[in-house]
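Worksheet: the structure to be examined is printed underneath.
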Amino acid sequence: MKLKKPTDDASGDFETVLVLQGGGSLGAYECGVYKTLQKHKIKFDIVAGTSIGGINAAIITAGKDDNPAKNLEEFWLTLAERTTPSFLSEEIRAFLSSMQASIYGNPKAFAPIWFTPTLLNFFSLPYLYDITPLKNTLKEYTDFGKLKDPKNPRLIVTSTDIQSGKSCIFDSRRNTIDAEHVIASAGYPFYGISWTQIDNRYLWDGTLLSNTPLTEVIDASPRQDKKVYIVNLFPHRQDEIPKNMIESWHRARDIMHTDKTDHTVRMSRVISRQLALIKEMHDIIESSNLNKDKEKFSLLELEYHRLACERGAIIRQIIRITRKEDVHFLFEDADFSIATIKQLIRNGEVDAENALAGKDKTANAKISSHKKDTKY
């Protein structure tokens, strides 16, 4: 019997996916990108993110009202601090705002635990900032009950299990997700942000394993073709060589967190060719009366179904929207000054418009034709 490729329960010819990276205050750029995508009436079947990208994804998929872009912008303007003067240069503003955040925290995002007796033994502290304020702020802009509606976009957020060192994935199709699960993806230990305990698991930021959770999307929905939008907060290329240690750390951080999905796509092409070969071999065996050993052939048939049918979709297109960077400052992702947040939102809007219009030649990548010959 010929095996037909089963259809996923998602509607349409393909799923439209938005993948959002982590990057602290740089997440305001993702807000601007999404404003443009919503303006162009692009609707998503899956929104995936990690760290601040997971928080943005939660507001997009589970916003309290029916205007996710408005919700998201209001959230970011709430996080913005208004103490740092807006007239200062971008570099000075970033330095002052990040220093203020490191000392005083951000009342809507994270609170320092400085003034405690344990401060006398600084290195006994497992973290320096409590992330509870961010959880409370997130609750103001979300209604997680919306995720139960099958017509609602699917939310996927990733975090890292401290003890096992493995990825922990929360998927609204399979899990009940609330603010606690989303916040679990945002505990970045290098900035001293607290972990989150869910059941018996202690969870850190998902960026420790991957800052672009495309593979997690593929694994979550392996049978449906996809058109993917990726927002890249960390530039691939920087022409200038670092001039000092701070710039070296900054560039290394960019490289660690930038989009690395090219490897995933290359591997999907290799796997697709292998699946095509397996299918041809299966059809030859099935049609040539070589299946005299019924038991062995039924096992082969089952394994063929798992390999070739249950993972039989293609990535049709990836559109990358990448933040440009004029000033290289190590703690730019801790700059919550109102001027910077507004500028990031504007930059995201403009870059997304350019990507959709085809003006950014690096943004639009056709991964395959619509023929079923490049499966993942």
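The values are calculated or read from the model by the stated rules, or taken from the named source; none is laboratory data. Because the structure is predicted, anything quoted here is derived from the model rather than measured. For neighbour counting, all protein chains shown are included, and Cβ atoms are generated from backbone atoms with ideal geometry for every residue, glycine included.
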Query raised in the report: Of everything in region 24-52 that's out of contact with any Gly (no Cβ under 9 Å at 6 or more places or on another chain) and assigned to a strand (DSSP E or B), which residue is nearest to Ile193 (Cα to Cα)?
Result: Val47
**Report entry** The one condition in (1) touching a residue at least 40 places away in the same chain (Cβ under 8 Å); (2) over 13 Å from Ile55 (Cα atoms); (3) of a type in the set (Ser, Thr, Tyr) that Thr158 fails to fulfil
**Finding:** (2)
Report summary line: Here the residues within region 171-193 that are touching a Gly at 6+ places or on another chain (Cβ under 8 Å) and within 21 Å of Met256 (Cα to Cα) are Ser185, Ala186, Tyr188, Tyr191, Ile193
Query raised in the report: Does Asp143 count as surrounded by 15 or more Cβ atoms within 10 Å (Cβ to Cβ) and either within 25 Å of Gly49 (Cα to Cα) or within 27 Å of the chain's Cα centre (by Cα) (or both)?
Result: no
Requested in this report: May I ask you to list pairs of residues, at least six apart or on different chains, whose Cβ atoms are under 7 Å apart, with the first in region 192-210 being closer than 11 Å to Ser51 by Cβ and in a helix (DSSP H, G or I) and the second being modelled with pLDDT of 95 or more and β-branched (Val, Ile, Thr)?
Outcome: Gly206/Thr50; Gly206/Thr158; Gly206/Thr160; Thr207/Thr50; Leu208/Thr160
Query raised in the report: Can you name the residue in region 229-262 that is touching a Gly at 6+ places or on another chain (Cβ under 9 Å) and modelled with pLDDT of 70 or more and, of all such residues, is surrounded by the fewest Cβ atoms within 10 Å (Cβ to Cβ)?
Result: Phe234
Query - Considering residues of region 27-64 that are of a type in the set (A, V, I, L, M, F, W, C) and surrounded by fewer than 24 Cβ atoms within 10 Å (Cβ to Cβ) only, the residue farthest from Tyr188 (Cα to Cα) - result: Ile42
Query raised in the report: Right, Leu72: modelled with pLDDT of 95 or more, crowded, with 17+ Cβ neighbours inside 10 Å, closer than 13 Å to Ser25 by Cβ and out of contact with any Leu (no Cβ under 8 Å at 6 or more places or on another chain) or not?
Result: no
